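Below is one structure, written out as structure tokens; comments come after it.
The values are calculated or read from the model by the stated rules, or taken from the named source; none is laboratory data. Because the structure is predicted, anything quoted here is derived from the model rather than measured. Don't worry about glycine lacking a Cβ; one is built from the backbone with ideal geometry, like all the others, and counts go over all protein chains shown.
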Amino acid sequence: MADLLLSVGQPLESVPESYIRPASQRPNFAAVEIDGNIPIVDLGSPDKSLIVAQVGQACQSYGFFQVVNHGISSELIQQMRAIGNEFFHLPAEEKLRLYSDDPAKKVRLSTSFNVKKETVHNWRDYLRLHCYPLEEYLSVWPSKPSAFREVVSKYCTEVRRLGFFLLGFISLSLGLEQDYIKEVLGEQEQHMAINYYPPCPEPELTYGLPSHTDPNALTILLQDPQVAGLQVLRAGKWIAVGPHPNAFVINLGDQLQALSNGKYRSVFHRAVVNSEKERLSVASFLCPCNSSVIAPAKQLTAEDSPAIYRSYTYDEYYKQFWARNLDQEHCLELFRI
Ligand code: OGA
Ligand code: NI
């Protein structure tokens, strides 16, 4: 299985059969909107009610927004990107030791999405780490590059703080108490995927990641500062999210769609690849505690707008998510009343 890693061995000259999508499911670059970027929210604004309004508007109409002046230094962002790139350029032996295709492992280097389940592979390698509580996982994280643990733990701590700060604004924008979401989701886990998309000889035939929604609560994505690849579905059209050097791209996961009773959406997105440049992205996922019970907030339901999703534990949801293929229907549909 380990020979599946794209970042090990010689670059391929064409896309192997197992990565090729049927003609009707390919990216169709010509139809993608290039400059219809998603909203940018300035978290440094002294006007908190403006931030709440902008966050609410973005969550409702895009399910995505970007944040600037978020308090995470450009130096740390730079270090995180550099360490991610260094990791994927380590010698093969070093990387192969970490290889696993078992989604239950808490530290693993893998490729595509769910190698054992999927029928078509994706042009992506990724390092997936559990990051909270840090003390529990730090000693099993990669020990190379030598600064990895120090840089990534600092980054994870700051991203967690930003995530909770944003959940506060999202709660308020739904008319809920600031701590509502935080409390419902319990002691949240934090996972990270450092995604590495090597140049692809035939990018029009395959994906880095096919269209999917994120199963967790909130995703905080650091894009490559130069190379575009993320695309978001809006009103039936794919919009490319251009790189922004110091912004984070925020998207709501399925759990916030459920909690908001469908008012906010966990939107389909995908990553495409290109033939010229490698691309690195760092996705941080805030994930509800496994035993937390997710249901539409009572304050958001009424006699004429009843709950549209049943309640379930996050554990149940997550198992369902990984049992499927990434590019199937919205996983939350399986929990609709
Ligand atoms: C993800 C994801 C997009 C990207 O990791 O869930 O959507 O641009 N990543 O890497
Ligand atoms: Ni995603």
Review point. Condition test on LEU300, is it in contact (Cβ under 8 Å) with a residue 60 or more places away in the chain, surrounded by fewer than 22 Cβ atoms within 10 Å (Cβ to Cβ) and more than 13 Å from ligand 2 (Cβ to nearest atom)?
Key: yes
Check your understanding: Out of all the residues in the range 193-207, is one or more surrounded by fewer than 22 Cβ atoms within 10 Å (Cβ to Cβ), within 30 Å of LYS106 (Cα to Cα) and within 16 Å of ligand 2 (Cβ to nearest atom)?
Key -> yes
Exercise for review: Please state which of the following conditions TYR19 fails to meet, knowing it meets all the rest: (1) at pLDDT 95 or above; (2) over 30 Å from PRO91 (Cβ atoms).
Suggested key: (2)
Check your understanding: Which ranges mark the helices (runs of 4 or more DSSP H) fully within the range 112-228 that have 2 or more residues being out of contact with any strand residue (DSSP E or B) (no Cβ under 7 Å at 6 or more places or on another chain) and either among the acidic types (Asp, Glu) or within 11 Å of ligand 1 (Cβ to nearest atom) (or both)?
Key -> 134-137, 148-173
**Study point:** Lone qualifier among SER100, SER112 - being at positive phi and not aromatic (Phe, Trp, Tyr)
**Key:** SER112
Revision key, fill the gap. Subset of the range 78-108, residues over 16 Å from ARG128 (Cβ atoms) and touching a Leu at 6+ places or on another chain (Cβ under 9 Å), comes to ARG81, ASN85, ALA92
**Study point:** Matching residues, the range 5-24, being under 18 Å from GLU278 (Cβ atoms) and either free of Cβ contacts under 8 Å to residues at least 24 places away in the same chain or not in a loop (DSSP other than H, G, I, E, B) (or both)
**Key:** GLN10, TYR19
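Here's the yes/no breakdown for (1) touching an Asp or Glu at 6+ places or on another chain (Cβ under 7 Å); (2) surrounded by fewer than 18 Cβ atoms within 10 Å (Cβ to Cβ):
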| site | (1), (2) |
| --- | --- |
| VAL227 | no, yes |
| LEU230 | no, no |
| PRO245 | no, yes |
| GLN255 | no, no |
| LEU259 | no, no |
| SER266 | yes, no |
Practice item. Could you tell me whether any residue of the range 25-46 is surrounded by 12 or more Cβ atoms within 10 Å (Cβ to Cβ), in a loop (DSSP other than H, G, I, E, B) and in contact with a Leu (Cβ under 7 Å, 6 or more places away or on another chain)? Key: yes
Point to revise | Filtered residues of the range 159-178 (kept if buried (at least 19 other Cβ atoms within 10 Å of the Cβ) and within 18 Å of the chain's Cα centre (by Cα)) | key: VAL159, LEU162, GLY163, LEU166, LEU167, ILE170
Review point. With respect to LEU280, is the statement that it is over 15 Å from ASP214 (Cα atoms) and touching an Asp or Glu at 6+ places or on another chain (Cβ under 7 Å) true?
Key: yes
Check your understanding: For the range 214-225, does any single residue satisfy the condition of being more than 14 Å from ligand 2 (Cβ to nearest atom) and surrounded by fewer than 24 Cβ atoms within 10 Å (Cβ to Cβ)?
Key -> yes
